[in-house]
Amino acid sequence: MKSSDNSEKNTNLKDGKSKVSFFLVFLICWLVVVTGFIAWFLLRFNDFAAKYEARYQDSLPYHEAEAITQHFNDHDVDYILDSMTSKPAVTEFEDESVVREYVTSLISDKKFEYVETESSREDEPEYYIRTVDGVMVARFELREDKDANLPYGFKAWEKESLEFFTAASFDAVISAPETYKVFVNGIELTEAYQSGDIVPSELTQYVDPYAVIPGTVNYEVKGLYKKPVVTAEDYLGNPCEIVYDSVNDSYSVHFIKDFEEREELEEFAITFTSTFANYISQDAASYALDKYFPSGSTALSYIKRNSSRELYTTHGSVSIHNEEIKDVIVFSDEVVYMEIYVEQWMEMYWGSDEPEVIPTDAHVYFVKINGRWLVGGIQY
């Protein structure tokens, strides 16, 4: 009986051990499978996360900002001009080549970087482009590229607008006689560029009523990208002098100083001034000046009423020396101004044996009447 019981016990022990061994094997296998699955999942997840992160980084807008900035560092003027949302306004005195030169001068030999603007938003990124020393030269805005299909629903970016900070900072302020032509970069200025009305010449009083001295026209041209070339022609169509005032940044066109009859008129002017000096010192007849003035000349009547003739003391012979034309201004074919200098050497009846030198510096306006030069007036 005991032997039979032992046999049953041994059988039960073997069955229990078999069940335990099977469960242990199953558990180990399950753990191996689960561990393998977890390891595979983690590997796949890490790979996904890495790709996701890489795709995310690639989708950030700064990449497009870097690409745009690189064009500036490459000094790609064509790209900048083509990308400008609003092209720089160019006046009739310049063309796009001047703008190209201007942009080239601003970016040449410089390094650039981008920086986000204060108004930049996540859905509308906006950046400045500046030199490495902080000078802003441009601003651009990005927008989502709807045609691009990035994974994971990320956005692609493209340039929406680019503003290059151009500044047409040159002006041309010019004054010229109204009878002259003025040109900026070879283009004649019209009335549209006149600043105010024509200013009448105050010098007309010296030739009135025989002639009128041309007034002054003031011109102003704005919005130039390059220092202008200003030229002018006189009333005869000849090139004439331009004077640039660097303090006021302005140009002046002066009346010409030479003309065909200059030599003839200079001789006439010296003869008149010598006669005038002798008339004042009572060394010329009372009517010696009449032939130099138009009939009924007010200027001549003033001279004849001048009581200074009576102040000269008695003296000996008088001679004229050191005649000189000190200045000439040609206002027109009919009006010319001259500054004439002569010296009277006057013998005196007292004192030194050397003659008394009396200088005369006359400012005379000559007018041409019926083909003949006469004295229109004298500026004292």
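Between residues in region 23-39 that are open to solvent by 80 Å² or more (accessible area, probe 1.4 Å) and residues that are in a helix (DSSP H, G or I), which pairs lie under 9 Å by C-beta distance while being six or more apart or on different chains?
Sorted first by the residue in region 23-39, then by its partner, the list stays empty.
Can you pull out every residue in region 220-234 that is part of a strand (DSSP E or B) and either buried (at least 22 other Cβ atoms within 10 Å of the Cβ) or hydrophobic (A, V, I, L, M, F, W, C) (or both)?
Narrowing region 220-234 to residues part of a strand (DSSP E or B): 220-224, 230-233.
The answer is VAL221, LEU224, VAL230, ALA232.
For a quick check of your reading of the model, give me the residue pairs whose first member lies in region 194-213 and is under 12 Å from SER175 (Cβ atoms) and of a type in the set (Val, Ile, Thr), whose second is modelled with pLDDT of 95 or more and in a loop (DSSP other than H, G, I, E, B), with beta-carbon atoms closer than 8 Å and at least 6 apart or on different chains.
Between residues of region 194-213 that are under 12 Å from SER175 (Cβ atoms) and of a type in the set (Val, Ile, Thr) and residues that are modelled with pLDDT of 95 or more and in a loop (DSSP other than H, G, I, E, B), the close pairs are ILE198/GLU178; ILE198/GLY215; VAL199/GLY215.
Please work out which one of (1) open to solvent by 70 Å² or more (accessible area, probe 1.4 Å); (2) part of a strand (DSSP E or B); (3) within 17 Å of SER301 (Cα to Cα) is the condition TYR380 fails and give its number.
(2)
Regarding ASP353, is this residue surrounded by 15 or more Cβ atoms within 10 Å (Cβ to Cβ), of a type in the set (Asp, Glu) and more than 52 Å from the chain's Cα centre (by Cα)? Spell out the reasoning first.
Values: surrounded by 15 or more Cβ atoms within 10 Å (Cβ to Cβ): no; of a type in the set (Asp, Glu): yes; more than 52 Å from the chain's Cα centre (by Cα): yes.
The answer is no for ASP353.
Which number in (1) among the hydrophobic types (A, V, I, L, M, F, W, C); (2) touching a residue at least 40 places away in the same chain (Cβ under 8 Å); (3) touching a Phe, Trp or Tyr at 6+ places or on another chain (Cβ under 7 Å) marks the one condition that VAL217 misses?
Just one mismatch for VAL217, condition (3).
The values are calculated or read from the model by the stated rules, or taken from the named source; none is laboratory data. Since the structure is predicted, the reported quantities are computational estimates derived from the model, not experimental observations. Cβ atoms come from the backbone with ideal geometry, glycine included; neighbour counts cover every protein chain shown. What goes into the accessible areas is simple: the full protein's heavy atoms, side chains included, and nothing from ligands, DNA or RNA. Shrake-Rupley method; radii C 1.70, N 1.55, O 1.52, S 1.80 Å.
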